[in-house]
Amino acid sequence: MSENISTTVRDGVATIVLNRPEVLNALNPEMASALKDATSSVAADSNVRCVVIKGAGEHFMAGGDVRHFHKLLQESPRDAGEKIGGEIEDVHAAITSIHGMPKPVIASIRGASAGFGMSLVAACDLAIAAEDAVFSLAYCRIGTSPDGGSTWTLPRMVGLKRAMELALLGDRITPQQASDYGLINWVVPEAELDKKTAELAARLAAGPVDALARTKFLLGQSSIADLDSQLAAEKAKFIAGVTEAEFAEGVRAFVEKRAARFP
């Protein structure tokens, strides 16, 4: 695993740490490649029931490494474009893994979340932020357009007008604004972020992993499915669940008035 990304797995929870704290975890080519590998690895790991993505130090991620972009100005536009294109392919593979993996992914955010950092937050299934967090899509500030899927996720989360505001102006927003817009789920005191994140991850990891996977799939496809297709998919997924041990345990636990112990 790259020194720019660290991954640990404990009690069914995989924690992916963006690990360049000296530059606010800014994304460089090495981190982009490592993030692709880390998300692919945890997606395929049957021991992982929930994933947490967080930044090392005091920030989540301050977007792309602008110093890296500055060095590319010394190269021809074609060469620079090819190099940046490869980096974008890596982070887009990571975004695809996050959306497609059959387990919930939580963004745990403190400090700056800008550029691709904000795109990464939007890609996660759930997001919890400290009161000191700051969000900005920021791409327009360096004269480029967004990547990381934010032009797909944000209109669906916050509405087209609000997404236009965030993308075209690049203004900073507070955690409370991010919560009001629908970008994040919870705002907590900074001192409690790690504890609250761990509690949420443990709750998900103890849940019915296959049922949660089917639920994530259904919600993920809902924006591109018509009602009849979605109803048919819900029926198929529900019936599939009835044949599994999770369903039997959940029903028995309810009738016996005890907490379920999902396999």
Exactly one of Ala56, Ala32, Ala44, Ala14 is of a type outside the set (S, T, N, Q) and touching a Lys or Arg at 6+ places or on another chain (Cβ under 8 Å), and that residue is Ala56
Pairing a residue in segment 19-40 that is part of a loop (DSSP other than H, G, I, E, B) with any residue that is among the charged types (D, E, K, R), where Cβ atoms lie under 7 Å and the two sit 6 or more apart in sequence or on different chains, gives Asn19/Glu3; Ala26/Arg20; Ala26/Asp65; Asn28/Asp65
Quickly run through segment 99-129 and pick out the residues that are outside any loop (DSSP other than H, G, I, E, B) and surrounded by fewer than 22 Cβ atoms within 10 Å (Cβ to Cβ). His99, Gly100, Leu126
Would a scan of segment 81-92 turn up a residue that is modelled with pLDDT of 95 or more, touching a Phe, Trp or Tyr at 6+ places or on another chain (Cβ under 9 Å), closer than 25 Å to Ala201 by Cα and in the same structural domain as Ile184 (by TED's automatic domain parsing)? yes
Can you name the condition, by its number, that Thr151 falls short on among (1) assigned to a helix (DSSP H, G or I); (2) more than 13 Å from Phe116 (Cα to Cα)? (2)
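The values are calculated or read from the model by the stated rules, or taken from the named source; none is laboratory data. Only a predicted model underlies this, so the values are computations on that prediction, with no experimental measurement involved. Methodologically, a virtual Cβ is constructed for each residue, glycine included, from the backbone with ideal geometry; neighbour enumeration extends over all protein chains shown.
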